[in-house]
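Working notes, beginning with the structure itself.
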Amino acid sequence: MIDQPTPITDEMPEEWITELVARLEADGHDIADAHESAVVIRLTPTSRTVLAADDSDRLFVIGWADDGDVHWGLSADGVHVPVLRPLGGDSPSGIAGRVHRVLTTGRPVPRDLRHALPYAAVSEGCVCPVVHPCGGIVPDADCGEHGGRRSPVVEWHWEADCPPASQ
């Protein structure tokens, strides 16, 4: 038996679309299309990397499916979405928050994970991989600056409390 994808078939209320688009644009996302069936966002090079998008996937599609939940998927044309993933969210602001998290971390909800933010700029000698949108690092035991997670030159926060990335 082949697992069939859940199609986007339901329609979002017009006021939800208007508020969702406004919140997504406020978060800096480029809206390619928005209508009652779907909201389509152009992927940035960073979001394409975070989502491990194929070369042909240039768009992020949000829509309501038959199961009554909000889903997302990647698309080349904004119409055909081969794989839908659950997004969740019960309001335009909740959906926008989850979309922003997916586009910056690859998942709609935070993990129970702590990030470290260096108090000063990371030097060339730092071997900690910078992997979080907030600019947080994962201290490496071999790093002279942050090794062993004991260094006082970093401040910790939970992923759910990530500050916005500094530009």
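Every number here is computed from the coordinates shown, using simple stated rules; none is lab data. Fair warning: this is a prediction, and the values are worked out from it, not measured in the lab. Glycine gets a Cβ as well: all are built from the backbone with ideal geometry, and neighbour counts include every protein chain shown.
Would you mind listing the helices (runs of 4 or more DSSP H) fully within the range 10-110 where at least 2 residues are of a type in the set (A, V, I, L, M, F, W, C) and surrounded by 21 or more Cβ atoms within 10 Å (Cβ to Cβ)? Break it down into steps so the answer makes sense when it comes.
Numbers: elements: 14-26, 45-50, 92-105.
Where helices (runs of 4 or more DSSP H) fall fully within the range 10-110 and carry at least 2 residues being of a type in the set (A, V, I, L, M, F, W, C) and surrounded by 21 or more Cβ atoms within 10 Å (Cβ to Cβ), they are 14-26, 92-105.
Could you list, ordered by first residue, the pairs with Cβ atoms under 7 Å in which the first is in the range 56-80 and farther than 23 Å from VAL109 by Cβ and the second is part of a strand (DSSP E or B), at least 6 apart or interchain?
Correct list of pairs: ARG58/ARG42; GLY78/ALA32; GLY78/ASP33; GLY78/VAL40; GLY78/LEU59; GLY78/VAL61.
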